[in-house]
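Worksheet: the structure to be examined is printed underneath.
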Amino acid sequence: MNSYETECQLNTGKHSRNFWLGNGLLAVAMLTLLFMGPLSNALGIWAAVLWMALAAVGMALVMSDKSDEPPASD
């Protein structure tokens, strides 16, 4: 399976690849919060910086999904 087939499979749904990558990064950010204690012991303040970076990039990717227009207001 080449990258074109993979991209077509990801884009056949309702959302783009950026949306799913963003959700994946947000899931990793959630895992960093669950393990923040051990991570902060190992990384110090950089554990919080890592969490903020993952959350920011994940949200940016999710919000960059322009596949659907919002519904019209009443």
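From Val57, Val62, grab the single residue that is at pLDDT 95 or above, surrounded by 13 or more Cβ atoms within 10 Å (Cβ to Cβ) and within 10 Å of the chain's Cα centre (by Cα). Please lay out each step first, then the result.
Details: Val62 fails: at pLDDT 95 or above.
Just one listed residue meets the conditions, Val57.
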- Task: Just need a number here: residues in the stretch 45-61 that are among the β-branched types (Val, Ile, Thr) and either closer than 8 Å to Gly22 by Cβ or not in a helix (DSSP H, G or I) (or both).
- Result: 2
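The values are calculated or read from the model by the stated rules, or taken from the named source; none is laboratory data. A quick note: this is a predicted structure, and the numbers were derived from the prediction, not measured. Cβ sites come from the backbone with ideal geometry, for glycine too, and all protein chains shown count toward neighbours.
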